[in-house]
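*Asks:* Submitted below is the structure of interest, expressed as structure tokens.
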Amino acid sequence: MQNPEVLSTPINDLPASTFFKEGSTTMGFETLKEILNTAPKDLLANENFNYVWFGELVDFLTERGILHLLQPTQGNSRV
């Protein structure tokens, strides 16, 4: 796994926007690892989920070359 330290770093300590940090806290996430371990259907079902927050997550992961971690492994769909 690439860049495992960023995955376990508290979101509030990451170079992310206040909006992303507050949104993550509101949804109950303290680390990126917790987000990535959440099934997509459960993430979407979270009453505080929104696509602006999700877009920032995608951008953050893309900038670090780890966007693929957001997708379940083939044959192991969490949907």
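*Asks:* Working only within the range 28-38, note down all residues that are in a helix (DSSP H, G or I) and open to solvent by 30 Å² or more (accessible area, probe 1.4 Å).
*Replies:* Our first condition is that a residue be in a helix (DSSP H, G or I); within the range 28-38, this holds for 32-36.
Matches in the range 28-38: LYS33, GLU34.
*Asks:* Would you be able to say whether some residue in the range 10-27 is part of a loop (DSSP other than H, G, I, E, B), modelled with pLDDT under 95 and exposed (fewer than 13 other Cβ atoms within 10 Å of the Cβ)? Step through it out loud before you land on a result.
*Replies:* First, pick out the residues of the range 10-27 that are part of a loop (DSSP other than H, G, I, E, B): 14-17.
Next, from what is left, pick out any that are modelled with pLDDT under 95: none.
There is no residue in the range 10-27 that is part of a loop (DSSP other than H, G, I, E, B), modelled with pLDDT under 95 and exposed (fewer than 13 other Cβ atoms within 10 Å of the Cβ).
*Asks:* Here is a follow-up. For the range 39-53, which positions are in a loop (DSSP other than H, G, I, E, B) and over 14 Å from THR26 (Cα atoms)?
*Replies:* First, pick out the residues of the range 39-53 that are in a loop (DSSP other than H, G, I, E, B): 39, 46-50.
Across the range 39-53, the qualifying residue is only ALA39.
The values are calculated or read from the model by the stated rules, or taken from the named source; none is laboratory data. In this text, all values refer to a predicted model and were calculated from it rather than measured experimentally. Virtual Cβ from ideal backbone geometry, glycine too; neighbours counted across all protein chains shown. Heavy atoms of the whole protein, side chains included, go into the accessibility calculation; ligands, DNA and RNA do not. Shrake-Rupley method; radii C 1.70, N 1.55, O 1.52, S 1.80 Å.
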